[in-house]
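Presented below is the structure to which this report refers.
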Amino acid sequence: MRHAAWRWLIGLGAPIAAGAMLLGQGGAADASRAAVSQAAAPSRPAVQPAVSRAAARFAPSRAAAASAAAWVPPGGILTLGMHGAAVRKLQARLAALKYYPGRIDGRFGLDTLEAVWAFKEVQGLIIDNANSGEVSRATERALAHPRAPRVLVPGGGSMRIEVNMGDDVLVLYRHGRVELISHVSTGAGCLPGEGCGWDTPTGDFSALSFHSGWITVPLGEMYNPVFFIGTQYAIHGEWDTSVPWYPDSHGCVRIPYDTATFFHNLIDVPGTPIYVRD
């Protein structure tokens, strides 16, 4: 489940370098190298984060939603590896729109990048190797006047999870309102050297069970899986480098590692409806 990392990291090489050039100040190269290092070799935490700590990671989104100012595009293109005030504004804007559940720390890391991907996907903007590591001009314009994610199941319940495989996003509704929008990677169909048939089932499901921490399964590892079909298909975390911007899983719904640390605390397990659509 981690075999996809190198495939999209190579594509991010050029944007990372460009980000270092745009910064043009002391520490730019260090920030870029740190981003590459984080992406290429993330370290697994020795201990499962506490529930209170996980909930705290989500708190900035709620604070930002109440206070974030209207989006004003920065002077230049923001890319993976940058840091500073412009990145903090980007994070606050994404948090206000329910895309970014991380710390508003001004560092454009993988957690911020995956929120940008989710936003692009909902806005119908193309993601490819050329722009996957940046906030494009089109994205900047969309941040000023964003459209909401498409509702898949209007009568699905006030708390529900909708997985839109066409857009590669997951939307969590609580009390009938969007609580979280996350980028996902779903079934690839065919994988190099592994054949075909790796599809994510569509249909109406519900959260059945939760397993805390890392679990080893025949196809690899899952982090904090919320199973919705037996103990085979789950919404689960991976190393961030294994949640690329394209479908690449064996059938599960991959979410970013940081999101997976607290996702299960936002839903009822068992019970929350899960709707998966093409």
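A few remarks follow.
- Each distinct pair of alpha carbons in region 106-182 adds a 1/r term; the inverse of their mean, the Kirkwood radius, is 13.3 Å.
- Computed from phi, the 3J(HN,Hα) profile of region 221-230 under the Karplus parametrisation 6.51, -1.76, 1.60 (θ = phi - 60°) reads 10, 10, 10, 6, x, 10, 7, 10, 9, x Hz, with x in place of Gly and Pro.
- Each label was represented as a point 7 Å from its Cα along the Cα-to-Cβ direction; for A85 and C190 these points are 5.2 nm apart.
- Three-way shape call for region 66-165 based on the alpha-carbon gyration tensor, with the a/c threshold at 1.5: prolate
- Near D278: Cβ cut-off under 15 Å, other residues only, Lys/Arg at +1 and Asp/Glu at -1. The net charge is -4.
- Packing-based ranking of 247-260, 167-180, 140-153 yields 247-260, 167-180, 140-153, ordered from highest to lowest mean Cβ neighbour count within 10 Å.
- Most to least packed among 123-130, 189-196 [average Cβ atoms within 10 Å]: 123-130, 189-196
- Distance between the C-alpha centres of region 233-278 and region 125-182: 14 Å, rounded to the whole angstrom.
Values in this text are rule-based calculations from the coordinates and carry no lab data. A quick note: this is a predicted structure, and the numbers were derived from the prediction, not measured. With ideal geometry, Cβ positions are generated from the backbone for all residues, glycine too; neighbour counts draw on all protein chains shown.
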